[in-house]
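Report on the structure given below.
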Amino acid sequence: MSFPVFVRLGPFALHPHWVFETLAYALGFYCYRRLRHSGGDVVDARIRWWVIGAAAVGGLVGSRLLYLIEDPIELASRWADPTFLLGGKTIVGGLIGGLVAVEWIKRRLGVDVATGDLLVLPLAVGMAIGRVGCFLSGLADRTYGLSTRLPWGVDFGDGVMRHPTQLYEIVVLAGLAALLVAFADRLPVVGDRFKLFMLGYMTFRLAVDFIKPGVRLGGLTVIQWACLALIAYYAPHVPRVFAEVRRG
């Protein structure tokens, strides 16, 4: 396989990142609409659109910001390069930025009910599809892993067999979504599914980023430090949530 793997559409050769990112947003939003119409929404229409808007803006800002500070040396050398400033993003930053923005707008609107449960499946679907594009984009996407001798290592174009960490993430997202759906009836408290999703994903990213290249500060990358902060934020809820699962 030669990377990047372009998507052929008639006479056009489309970059996989663009194709699958577009598909991720489209199918994620479709999944959200289906769940909302099936009775999963907990807020009225006006508040819902404020929350969605805040999530979109916060996610965009957070994904760009964390990407920029991921490598302080590169940031210092390319801070005036618009292609660098506008060209990259990270899922972890998007999730954290969206979370902060949503919590801020909810506080401004006086909303005290958790609104994240409805987003769990759309997020898992969108993120998994997006990672297909990351995988097919090869080295340029910078989401590959370190070298490995494991039989499923992939040569992304530089002659080095690497961990296909994008595929690991797809598998974990599918498993996490399946578990949360299976145990949905045992999670009666609104918001617990989203908390477990965030804990599960951030724990995975904290672990998998040890086999990905990156600039490390105190033994961890900036993304790993961000994951650790969010894990600490949600960790106090874990004993209660697991007690509810056992009782269910």
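Read-outs throughout are calculated quantities, based only on the coordinates presented, and are distinct from any laboratory measurement. Everything numeric in this text was worked out from a predicted model, so none of it was measured. Note: ideal-geometry Cβ built from the backbone for every residue, glycine included; neighbour counts use all protein chains shown.
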Table column - 3J(HN,Hα) (Hz), region 112-124, Karplus curve with 6.51, -1.76, 1.60, x for Gly and Pro: 10, 9, 5, 10, x, 4, 5, 8, 4, 5, x, 5, 4
With bins of 5 Å, the percent of all Cα-Cα pairs of region 92-133 per bin from 0 is 5, 19, 23, 25, 14, 7, 5, 2
Work out, step by step, the length gained on full extension between Ala174 and Met161: first 0.36 nm times the residue separation, then minus their alpha carbon distance; give nm to one decimal. 2.2 nm
Relative to the first principal axis of the alpha-carbon coordinates of the chain, what is the inclination of helix 165-182, with its axis defined by its Cα atoms, in degrees from 0 to 90 and to the nearest 10? 20
Can you give me the distance in nm between label points at Leu109 and Leu146, each placed 7 Å from the Cα along the Cα-to-Cβ direction? 4.4
So what's the angle, to the nearest 10 degrees on a 0 to 90 scale, between helix 91-109 and the longest Cα principal axis of the chain? 30
Can you tell me the length gained on complete extension of the stretch Leu139 to Asp185, counting 0.36 nm per residue apart and subtracting the Cα distance? 12.4 nm
Compute the projected area of the convex hull of the Cα atoms of the chain, averaged over all viewing directions, and report it in nm² to one decimal place. 16.1
FRET E, pair Arg240, Thr203, Förster distance 25 Å, beta-carbon r, rounded to 0.05: 0.90
Collect residues whose amide H, placed 1.01 Å from N in the peptide plane, falls under 5 Å from the amide H of Met161; neighbours closer than 5 in sequence don't count. Thr148
Tilt, helix 222-234 to longest principal axis of the chain (alpha-carbon atoms), in degrees rounded to tens, equals 10
